Amino acid sequence: MILRPFALAAVLSFLAAKTKAEPTDSSSSTNTTDSPTPSPTPNDPDPNDKGKAFKHFTAFSSSQTCASDSHALPFNNQIRGVNLGGWMVLEPWITPSLFYQFLGGGVGETGMDHYSFCEVLGPEEGNKQLRRHWESWVTEDIVKELAGSGAVNSLRVPVGDFMFEPYGPYVGCTDGALDYLDTLLDWAHSYGLSVLLDVHTQKDSQNGFDNSGQSMGFQWTSGLSTYPRDLTTFQHWPIRSANWMGEFDPHQINYTSINHDNIKHSLKVIKGIVDRYHDHPSLLGVEPVNEPWELTPLKLLKKFYWDAYLIVKSKAPYWKFIIHDSFRFNVETWGGFMKG
């Protein structure tokens, strides 16, 4: 099992950077132009926004900020965590043994992420192999050893959106995943470990990588390979795409439409996580999306973060809410966002 240190907050760098302007929040075709700096987050709420009261703070949606948050400051406990990667969300570089069976396969015969793993194997065989993997990849002995080491007090667990709202080839293939996650949370509690749930996958991919569940912008090039003959080849990284929030045009380097259904799906997943685990004693918090790529529409991403935050805090007021910086390493992008 691969164990990697994890950070519990997006790191804001003061390096100067240029970013693309973001598309409008509409479902029709949109065009954007270059802008030297992203639009800052409003610092103050609209005068007519009276706010919505939560257990520890008042939320102002007009500015996506909070006030009177007495619970904000005690985030001062040292977190020493490891990432249980490759368990609930498959990544070939972490669990290559699960993907060796596809060597030599071509179009429609090769699994190279969790989505295509289930697509190629089908629900019955896919679920059979996944259950065997879930049983052996993370065990109670491993959790006990981590806790007993004294070096670890928290676990970061990447989970799939499909575990809470199944779709496509995940239906049937990932049955039973939540039972194993429930057991892990109980183990963590019994050994004094907290757990951060990280939603690692999003419908139609938030970054184009296999760690999003589905590699996007993938092209088979076997037909172009003349030497050696019968070589199976493809390209991915240079042409990757991410269609979680809408249709991305690689030629315009822009989103031409917004997929509001996908965003609603993601918020429904957050609600499902909160409804299921809000009173579980091991839960430290949730990260609503892992590594959305740098071309994600920023206004929509901030709106998603804000909406997800309110869903979490409405029922799990003590949970930590972790956001990723979308690979935008500058204070102009995130300064003032969700302040308070």
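The values are calculated or read from the model by the stated rules, or taken from the named source; none is laboratory data. Values in this document were obtained by computation on a predicted structure and should not be read as measured data. Cβ: placed from backbone, ideal geometry, glycine included. Neighbour counts: every protein chain shown. Note: accessible area is taken over every heavy atom of the protein model, side chains too, but ligands, DNA and RNA are not part of it. Shrake-Rupley method; radii C 1.70, N 1.55, O 1.52, S 1.80 Å.
General observations
- Portion, in percent, of the accessible area of the range 236-289 that falls on carbon or sulfur, probe 1.4 Å: 53 percent
- Segment Thr183-Gln78, length gained on full extension (0.36 nm per residue, minus Cα span): 35.3 nm
- Accessible surface comparison of Phe102, Phe60, probe 1.4 Å, protein chains only, largest first: the order is Phe60, Phe102.
- Environment charge of Phe57, counting only residues whose C-beta is closer than 13 Å and scoring Lys/Arg +1, Asp/Glu -1: +3
- Look at the Cα gyration tensor of the range 269-340: its axes a ≥ b ≥ c give a/c of at least 1.5 with a/b over b/c, and that counts as prolate.
- When you filter the trypsin sites (Lys or Arg not before Pro) in the range 234-340 for DSSP loop state and at most 16 other Cβ atoms inside 10 Å of their Cβ, you are left with Lys339.
- Added length on full extension, which subtracts the Cα-Cα distance from 0.36 nm per residue, Glu140 to His278: 47.4 nm
- A simple packing score, the average count of other Cβ atoms within 10 Å per residue, orders the peptides 183-189, 157-163 as 157-163, 183-189, with the highest score first.
- With protein chains left intact and a 1.4 Å probe, residues in the range 288-340 average 33 Å² of accessible area per residue.
- Label-point gap, in nm, between Asp261 and Ser97 - each point 7 angstrom along Cα→Cβ: 4.0 nm
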